[in-house]
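Below is one structure, written out as structure tokens; comments come after it.
The values are calculated or read from the model by the stated rules, or taken from the named source; none is laboratory data. Since this is a predicted model, take the numbers as computed values, not measurements. Cβ placement follows ideal geometry from the backbone for every residue including glycine, while neighbour counts extend to all protein chains displayed. Note: accessible area is taken over every heavy atom of the protein model, side chains too, but ligands, DNA and RNA are not part of it. Shrake-Rupley method; radii C 1.70, N 1.55, O 1.52, S 1.80 Å.
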Amino acid sequence: MLYLDAGTTYSKIITDKNCFDEQFFVCKQGYYYYIMPSSIIKSLNIKPDRCCGHMSDANENEIIALAHGAKYRKVESDATVLDLGSRDAKWIKFKDNKFHDMDWNTSCASSTGATVEMLLKFYDVKPDELAYIPEKFNVTCGIFGMEKIMDSISAGSKPSEAISKFVHGIAFNAWNFAKRPEKLYLSGGFCDNKCLVESLKNYCEVVTLGRFVLCEGLIEIG
């Protein structure tokens, strides 16, 4: 069996056999986990048994995969799980271990992962140079956020500091988007962004689930 979460920048794969030795990530619970650039997925002619994400032949809904992935990870009976990725954000809330509420923002991805990646490349800043800063840019649109970043740098701020303020703004927006929970389970690539996680902790308790929750949800669906 092969399960694929096809992201915009990176794709996550879980299989019950070691199929991609050079891309091996980790093995747990009898499954092999892989992360690889999405640009090479089609060239590998992968035919997943279950797939969600941005491929034309995706056969599972991402919200459903997120919900099942949360169950796979055995989150609390009352929990809000937010998946913050490269170009969209989605969350689901459980109450008494049952579905209670959800939302999915696909109309504006300008303040999610892809924007941060472009800013880091443009200003030649490494991800580990970003750090939590109490000040944040209060914007809901990445376009205006980039304007604030450029103005801040022009006024003498370091690029890493300006981008950190932008990331803090993303964290604040994500918390508001998820209806301000007291505790938040975080899924997606931003789990590896210490600046985002520490900024989010300023508003709620945060439990990081990593980048494979949707993929694990595809296992649970079966």
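Note on the range 154-222: Rg/Rh from Cα positions, Kirkwood definition for Rh, rounded to two decimals, is 1.09. Protein heavy-atom accessible surface, 1.4 Å probe, per residue over the chain: 50 Å². Proximity of backbone amide H atoms, modeled 1.01 Å from N, is registered between L2 and D49, R50 at under 5 Å, excluding neighbours fewer than 5 places apart on the same chain. In summary, the lysines within cross-link reach of K95, defined as a Cα separation below 28 angstrom excluding same-chain residues under 8 places away, comprise K71, K74, K179, K183, K201. In the chain, the portion of solvent-accessible area held by carbon and sulfur atoms comes to 50 percent [1.4 Å probe, whole percent, DNA, RNA and ligands not counted].
Just so you know, the Rg over Rh for the range 81-184 is 1.03, from Cα atoms, with Rh as the Kirkwood radius.
Which aspartates and glutamates, if any, have their Cα less than 19 Å from the Cα of K165, not counting same-chain residues under 8 positions apart? Partners found: E117, D124, D128, E129, E135, E147, D151, D192, E198. For the chain, the longest principal axis of the C-alpha atoms and the axis of helix 113-122 are separated by about 50°. Ellipsoid semi-axes for the chain, based on the Cα gyration tensor and the rule √(5λ), read 30, 21, 14 Å when sorted largest first. Normalised radius of gyration (Cα atoms, divided by 2.2 N^0.38 Å) for the range 1-86: 1.11.
Each peptide in 112-118, 184-190 gets a packing score, the mean of other Cβ atoms within 10 Å over its residues, and the list from highest to lowest is 184-190, 112-118.
Against the main long axis of the alpha-carbon atoms of the chain, helix 159-177 sits at an angle near 60°. Only Lys, Arg, Asp and Glu carry charge here, each on its Cβ (+1 for the first two, -1 for the last two); on that basis the chain has a dipole of about 180 debye about its Cα centre. Taking trypsin sites (Lys or Arg not before Pro) across the range 59-92, the ones in a DSSP loop with at most 10 further Cβ atoms lying within 10 angstrom of their Cβ are K74. For the chain, the longest principal axis of the alpha carbon atoms and the long axis of helix 142-154 meet at an angle near 40°.
The convex hull drawn around the Cα atoms of the range 59-110, when projected onto a plane and averaged over every direction, covers 3.8 nm².
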